[in-house]
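The values are calculated or read from the model by the stated rules, or taken from the named source; none is laboratory data. These figures come from a predicted structure and were not determined experimentally. Neighbour counts run over all protein chains shown; Cβ positions are idealised from the backbone, glycine included. Heads up: the accessible areas ignore ligands, DNA and RNA and are worked out on the full protein's heavy atoms, side chains in. Shrake-Rupley method; radii C 1.70, N 1.55, O 1.52, S 1.80 Å.
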Amino acid sequence: QLIKSSLTPPGYYFGIIWPILYISLAILGWKLHKEREKTTLNWYWAGMFLNWLWSPVFFNWHLSTVALAILILLVSINAYILIKLRMRYTNYAYMMLPYFLWLCFALYLNMVIVVNCSILC
C-alpha cells in the first residue's frame, strides 16, 4: 500500500488532464520539427521517452525511487526546453508550461510516496 499525499487528485483527473497535455505536446513537437529546432526537438523526444518510461517503472515494477529519478530528469529536461523556447518562441513556451507544471506536481507526489515508504516501510 502506498502512502500518498493528501493532494493526490482522484483518478479521473488523470483521464482529463493527460489527453489535453498530450495534444499540446504533439502540437509543440510538430512546431519544433517545422522550425527545424533539432537540438530542442532531440531533448523533447528524450523527455517523451522518459515520460513513457515512468508509468511502467512506477506502476508495473513498483520502483518508486527510480520513478522519482526519472521525474527529476524530466523536470530538468523540460526546464531546459522552456528556457530555450522562451528565448526564441515565447508562444511555444506558454504551450509547454502546463505540462511542466504537471511534471513538477507529479515530482512532488512521487517524492511523498518515496519519503513515506522510506520512513514507514
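Quick one: Y89 ticks every box in (1) more than 30 Å from I3 (Cα to Cα); (2) among the hydroxyl-bearing types (S, T, Y); (3) open to solvent by 90 Å² or more (accessible area, probe 1.4 Å) bar one, so which box is it?
That leaves (3) as the condition not met.
Just to be sure, is Y44 open to solvent by 30 Å² or more (accessible area, probe 1.4 Å) and assigned to a helix (DSSP H, G or I)? Give the steps one after another, and end with the answer.
On the way: open to solvent by 30 Å² or more (accessible area, probe 1.4 Å): no; assigned to a helix (DSSP H, G or I): yes.
For Y44, the condition - open to solvent by 30 Å² or more (accessible area, probe 1.4 Å) and assigned to a helix (DSSP H, G or I) - is not met.
So, in the range 65-121, exactly how many residues are touching a Gly at 6+ places or on another chain (Cβ under 8 Å) and among the β-branched types (V, I, T)? Step through it out loud before you land on a result.
Start the filter on the range 65-121 by keeping residues that are touching a Gly at 6+ places or on another chain (Cβ under 8 Å), which leaves 74, 77-78, 81.
Among the residues that remain, those that are also among the β-branched types (V, I, T) are: 77, 81.
Matching residues across the range 65-121 total 2.
Test Y108 against the stated conditions and say whether it is open to solvent by 20 Å² or more (accessible area, probe 1.4 Å), within 23 Å of W52 (Cα to Cα), modelled with pLDDT of 95 or more and among the hydroxyl-bearing types (S, T, Y).
On the way: open to solvent by 20 Å² or more (accessible area, probe 1.4 Å): yes; within 23 Å of W52 (Cα to Cα): yes; modelled with pLDDT of 95 or more: yes; among the hydroxyl-bearing types (S, T, Y): yes.
Yes: the conditions hold for Y108.
Yes/no per residue for (1) touching a residue at least 12 places away in the same chain (Cβ under 8 Å); (2) within 24 Å of E35 (Cβ to Cβ); (3) in a helix (DSSP H, G or I):
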| residue | (1), (2), (3) |
| --- | --- |
| L73 | yes, no, yes |
| S76 | no, yes, yes |
| N116 | yes, no, yes |
| I119 | no, no, yes |
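Every residue in the range 92-105 that is open to solvent by less than 30 Å² (accessible area, probe 1.4 Å) and of a type in the set (A, V, I, L, M), please.
A93, M96, L103
Provide a single number: the residues in the range 51-66 that are surrounded by 14 or more Cβ atoms within 10 Å (Cβ to Cβ) and either within 11 Å of the chain's Cα centre (by Cα) or over 20 Å from N116 (Cβ atoms) (or both).
Residues meeting the conditions: 3.
Just to be sure, is Y80 open to solvent by less than 70 Å² (accessible area, probe 1.4 Å), in a helix (DSSP H, G or I), out of contact with any Cys (no Cβ under 6 Å at 6 or more places or on another chain) and aromatic (F, W, Y)?
Details: open to solvent by less than 70 Å² (accessible area, probe 1.4 Å): no; in a helix (DSSP H, G or I): yes; out of contact with any Cys (no Cβ under 6 Å at 6 or more places or on another chain): yes; aromatic (F, W, Y): yes.
Criteria not met by Y80.
So M96 passes all but one of these: (1) closer than 18 Å to K31 by Cα; (2) part of a loop (DSSP other than H, G, I, E, B). Which condition number does it fail?
(2)
Examine the range 72-81 for a residue that is closer than 22 Å to V115 by Cβ and of a type in the set (V, I, T), and state whether such a residue exists.
Yes, there is a match, as at least one residue in the range 72-81 is closer than 22 Å to V115 by Cβ and of a type in the set (V, I, T).
Among the residues of the range 10-30, write down those that are open to solvent by 100 Å² or more (accessible area, probe 1.4 Å) and among the aliphatic types (A, V, I, L, M).
We begin by selecting, within the range 10-30, every residue open to solvent by 100 Å² or more (accessible area, probe 1.4 Å); these are 12, 20, 22-23, 30.
The answer is I20, I23.
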